[in-house]
Structures are given as C-alpha cells and as structure tokens.
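Engineer: What follows is a structure written as structure tokens; I'll ask about it next.
The values are calculated or read from the model by the stated rules, or taken from the named source; none is laboratory data. Being a predicted model, the structure only gives us computed values, none of them experimental. Glycine gets a Cβ as well: all are built from the backbone with ideal geometry, and neighbour counts include every protein chain shown. SASA here: full protein model, heavy atoms, side chains in, ligands and nucleic acids out. Shrake-Rupley method; radii C 1.70, N 1.55, O 1.52, S 1.80 Å.
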Amino acid sequence: MRSVEDEDVCRVCGYTDGSRFFEDTWPTHIICDCCGWESGTQALGLEGTREYRCLWLGQGAERFSRGVRPKDRDVLEQVRNIPAHSR
C-alpha cells in the first residue's frame, strides 16, 4: 500500500517513471535515470541536493541513462515536479 511518505519524483531533477525514491520516508537507494542522483545519499542533504541540481543543470541537464529518453522531454517542465521540501 502506498503511503503519504512515498516519493516517486526525483528530488534533484523532478523526473518520475513510477519508481519510488522513498517508501515510508526511507530511501530506496535507486538511481535516477535522468540525473544520476541516488535516493538516500546522506552526504547530499538539502544543500547538497541543490548543489547537485545546479551542477546537473549547468552542465546541460544531460540524461544519466542513455537508454531512457522521453521524446517530448521539457527540462523546465520536469523541474517543476521537484517536491517543495527539496527546492
């Protein structure tokens, strides 16, 4: 059963493919196909997450996984999905 504390949106880039980055507030340690961020990387915290996001965007928002490419990808629309507590 899905909990309110489940997150299926990447805190760095806003990408979602239905995978859960957090379940019941616990990280699942999956790696985002879009930006390469691993949920639960404690060293990142909020400040580190923001820095990673800026670095990723500054380097052209390249996809981490070359095999997964939505045809109509809009990075600006995607980052609007970032959870408010991670901005």
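Engineer: Of the options Thr28, Gly58, Leu46, report the single residue whose Cα projects farthest towards the positive end of the charge dipole of the chain (beta-carbon charges: Lys, Arg +1; Asp, Glu -1).
Structural biologist: Gly58
Engineer: Going from most exposed to least, what order do Trp26, Trp37 have by accessible area with a 1.4 Å probe?
Structural biologist: Trp26, Trp37
Engineer: Using every alpha carbon pair in the chain, what percent of pairs falls into each 5 Å bin from 0 up to the bin containing the largest distance?
Structural biologist: Answer for the chain: a P(r) of 3, 15, 27, 29, 17, 8, 2, 0 percent.
Engineer: Continuing with this model, one more query. Can you give the angle from 0 to 90° between the axis of helix 45-58 and the longest principal axis of the chain, with both taken from C-alpha atoms, to the nearest 10?
Structural biologist: Helix 45-58 sits roughly 20 degrees off the main axis of the chain.
Engineer: Among Asp6, Asp17, Asp33, what's the order by accessible area (1.4 angstrom probe), most exposed first?
Structural biologist: Asp17, Asp33, Asp6
Engineer: Moving to a separate point now. How large is the accessible surface of Arg73 in square angstrom, using a 1.4 angstrom probe and rounding to the nearest 10?
Structural biologist: We get 80 Å² for Arg73.
Engineer: Here is a further query. How much net charge surrounds Thr49 when only the other residues with a Cβ under 15 Å from the Cβ of Thr49 are counted, with Lys and Arg +1 and Asp and Glu -1? Walk me through the numbers on the way to the answer.
Structural biologist: On the way: positive: Arg11, Arg50, Arg53, Arg87; negative: Glu7, Glu38, Glu47, Glu51.
Result for the neighbourhood of Thr49: 0.
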